[in-house]
1. Of all GluC sites (Glu not before Pro) in the stretch 97-133, which ones are in loop regions per DSSP and have a Cβ with at most 13 other Cβ atoms within 10 Å?
2. Could you report the chain's accessible area per residue, 1.4 Å probe, as an integer in Å²?
3. On full extension of the chain, what length is gained from Ser396 through Ala416, given 0.36 nm per residue of separation minus the C-alpha to C-alpha distance?
4. I'd like the accessible area for Ser47, computed on protein heavy atoms only with a 1.4 Å probe and all protein chains in place. Round to 10 Å², please.
5. Determine the gain in length on full extension of the stretch His320-His92; use 0.36 nm per residue of separation and subtract their C-alpha separation, reporting nm with one decimal.
6. Which one of Val387, Val350, Val302 has the biggest mean-square fluctuation once the chain is modelled by GNM with Cα springs under 10 Å?
7. Give the accessible area for Thr358 in Å² (nearest 10); use a 1.4 Å probe, count only protein heavy atoms, and leave out ligands, DNA and RNA.
8. Run the accessible area of the stretch 339-404 with a 1.4 Å probe and give the carbon-and-sulfur part as a rounded percent.
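The values are calculated or read from the model by the stated rules, or taken from the named source; none is laboratory data. Quick caveat, the model's predicted, so the values are computed rather than measured. Cβ placement follows ideal geometry from the backbone for every residue including glycine, while neighbour counts extend to all protein chains displayed. The accessibility values were calculated without ligands, DNA or RNA, using every heavy atom of the protein model including side chains. Shrake-Rupley method; radii C 1.70, N 1.55, O 1.52, S 1.80 Å.
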Amino acid sequence: MFLICVNRCSSVASLLLAAASLGAETIPANVTFTKDVLPILQKNCQSCHRPGEIGPMPFLTYENTRPWAKSIRTEVLTRKMPPWPADPQYGHFANDRRLSERDIHTIVGWVDAGAPEGDAKDKPPGAHWSEGWNTQPDIVLQMPDPYPVPATGTLQYIYIVLPTGFTKDTWVTAAEVRPSARSVVHHINAVVRPPGSQWMKDAKPFVPYIPTHEAEIAGQPDPDDPQSHPVDISYEFLAGYSPGMQAQHFDVDHSAKLIPAGSDIVLQVHYTTNGKSAEMDQTKIGLTLAKEAPLKRFFSAVAASPNWTIPPGDPNYEGHAKLTFGEPVELTFLQPHMHLRGKDMTVRLVYPTGEIQTLLSVPHYDFSWQIVYYLDQPLQLPQGTRVEVTAHWDNSANNPYNPDPAATVKWGNRSADEMLTMSMGVIVDRD
């Protein structure tokens, strides 16, 4: 009873503080759904809250939004929704989902007024959302058969080789990974495997494959896995899927990603049981092709480190990773990644001049939201710029997501293990 009381009191206190933080600004009068609230939902919420996307309920109409009015009020007051764990003091991001103070006032005023619908003539034009694809793929590659995921149990990563059939070098401006059973998919990585590669050489095309040996069991990444190398443009990380992640676009500043002739796409799929029912998943990836060769090449880099061991019970263990660029690049996005013990992560740029810039700070990392932070403009980084990443993990019993506070934790693919990676999108001259 004591714990329940504390949690309830804490929740009430949080709401009171959040409401007080709205300040003296007057909540708008005569707020209605059609005139005031729907435009906010279209801009900030419907990308996830619509059929076929990650949001558990749609917010497209008054009829399907009204039952959730009080919950929406609570979520926006506490800033849990839309999810955006980055500190607004650092960086400027094109996909910033945070609501403005005015938007929060508007939603709170609407709910407190009884959540009226309003006049239909005030309704804005409906946002254009595609059923299924959020891009316009020219080519779709798909698992040939649905993969069975049981209701319970711990599952190993599976790998599926999808031959592209490309007979010439192909430039891609967008890629979108779409699982059919999102409730059992933790994440998917799609990696370009060049012709002649020995990586996953025992995997047969289109057949789910589980490697017999994984070096990360010893607390280190598999040295044969190209994803464990900081920069290897022979094995291009093409696209990914995780909750909250949107389709990836590469047509930034006249750039595109390259898939060499004869390459395969290897899907690394992390299924996780939902504890309720068995599911069948048939993931597909859509590729949008460039109409002509681009001026620049978009590729992926990562600052990562497996050289740490988190002691049992440590509430604030610190880890570091870094990457130095050997030539000028344009930085386009950042994606921090840890697992269930992840607590916070900060990214700093150290320029050759000695200047230091904090580019991203995520003070409350959330494993449930693997957000890609797209810079509002590509950032020019001179040769010799160093990316420094500092992260903390909470391996204590006070972390409600910690699977085992008594464990000594090292690098590993399982969610019960940990990682420290900062993925980045960069642009260089095509040649």
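1. Those that pass, being in a loop and sparsely packed, are Glu131.
2. 49
3. 5.8 nm
4. About 30 Å², ignoring ligands and nucleic acids.
5. Going from the current span to full extension adds 79.7 nm.
6. Val350
7. 40
8. 47
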